[in-house]
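What follows is one structure encoded as structure tokens, with my remarks underneath.
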Amino acid sequence: MKLKRLFIAALTVLFISACGSRAYYPSPEELQERRERLAKAEAMFQERCKKAGEFIYRTAENVEGIFILKLRSQKINYREQYRMSDPYGKDMDGIGLGYIETFLYGRNEKGNLDNNKVGGYGYADAIDPDDGKRYRYTGRMDEPWQRDKSYEEGYMRFVLDKALAPDPAPRYGVTYDDISTREERDYWIAGSSLRVVDLKTNEVMAERIGYMFDPGQGSDSGGRAPWLSAADYACPRFGPENTRVPGFVSRRDQTRTFVEKVLHPIEEK
């Protein structure tokens, strides 16, 4: 059973840690205490998974643009246990406006988001936290080699353009919340809510509830990053079944993938 195997792996991480140049081996009492803690964390996680999943109540066709109601923080959180940064729902860590860009990228032949293609929604609006104004972001492919011969001929790159948004605002919005409790974070469990909202009727059209937990219980031994490791123990899981791609990689286009199930973009011709 996978969870039994992860227990063994997690206990190995928890039980033996480096202390200078000497290995530290916990006492039998400490080992038992850690076993009990890990068992409680796993049981709590499994209980949360019972209410996790994707819940789609209504969809919309030919959606041209969306309103991103809450931007993602650019601050990386790989290890902070109690920072409510929604580590489950985090698409891209510390990559500027990458969260907005994910809604404007095209997809490659495997169906993955491709930052060398324009596609998806025609635009995405968001409030700039610096001035409180709503801006409209659009994507396009730029060919800098046409202007600057230091670039290789034919080189192209995705560019995000920003301008003050016209009225009216997009009808459909996307937002998220970290729904973790203090007790869940005590055991390195993170909970997430991702919602698609009809801003005209104030109706929640769809919601994804997700949880993940770190079987290493916050251990950073060997440079380990707890919230990155937790992405391999998530419900709903990230990526297709039986994939060997790490969870933190598979989750990179998770928001766009879910939103597209609800708000169907205008098909490219």
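The values are calculated or read from the model by the stated rules, or taken from the named source; none is laboratory data. What you see is a predicted model, and the numbers here were worked out from it, not measured in a lab. Quick reminder, even Gly has a Cβ in these numbers, built from the backbone with ideal geometry, and neighbours come from all protein chains shown.
Of note:
- Pair list, Cβ < 6 Å and 6+ apart or interchain, from segment 205-219 residues that are closer than 17 Å to ASP86 by Cβ and of a type in the set (Phe, Trp, Tyr) to residues that are assigned to a loop (DSSP other than H, G, I, E, B) and modelled with pLDDT under 95: PHE213/TYR233
- Among all residues of segment 132-139, there is none that is under 30 Å from TYR233 (Cα atoms), outside any loop (DSSP other than H, G, I, E, B) and of a type outside the set (A, V, I, L, M, F, W, C).
One line per residue, one yes/no per condition, for (1) under 19 Å from GLY65 (Cβ atoms); (2) touching a strand residue (DSSP E or B) at 6+ places or on another chain (Cβ under 9 Å):
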position	(1), (2)
ARG171	yes, yes
ASP177	no, yes
PHE213	no, yes
SER221	no, yes
ARG224	no, no
TRP227	no, yes
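- Some residue of segment 186-197 being surrounded by fewer than 17 Cβ atoms within 10 Å (Cβ to Cβ) and part of a loop (DSSP other than H, G, I, E, B): no
- Unique residue being without any contact (Cβ under 8 Å) to a residue 60 or more places away in the chain and over 21 Å from PRO265 (Cα atoms) when the list is TRP188, TRP145: TRP145
- Filter result (closer than 30 Å to ARG134 by Cα and either modelled with pLDDT under 95 or exposed (fewer than 14 other Cβ atoms within 10 Å of the Cβ) (or both)) within segment 23-55: PHE55
- Of all residues in segment 58-80 being under 14 Å from LEU194 (Cβ atoms) and in a strand (DSSP E or B), the one that is farthest from the chain's Cα centre (by Cα): ILE66
- Residues of segment 75-125 satisfying the condition of being of a type in the set (Lys, Arg) and under 22 Å from GLY191 (Cβ atoms): LYS75, ARG79, ARG83, LYS90
- Candidates ARG134, ARG147, ARG182, ARG140: the one that is surrounded by fewer than 19 Cβ atoms within 10 Å (Cβ to Cβ), out of contact with any Ser or Thr (no Cβ under 9 Å at 6 or more places or on another chain) and closer than 30 Å to SER219 by Cβ is ARG182.
- Qualifying position, being modelled with pLDDT of 95 or more and assigned to a loop (DSSP other than H, G, I, E, B), among ASP167, ASP177: ASP167
- Residues considered: GLY106, GLY154, GLY111, GLY98. Of these, the only one that is out of contact with any strand residue (DSSP E or B) (no Cβ under 6 Å at 6 or more places or on another chain) and surrounded by 16 or more Cβ atoms within 10 Å (Cβ to Cβ) is GLY98.
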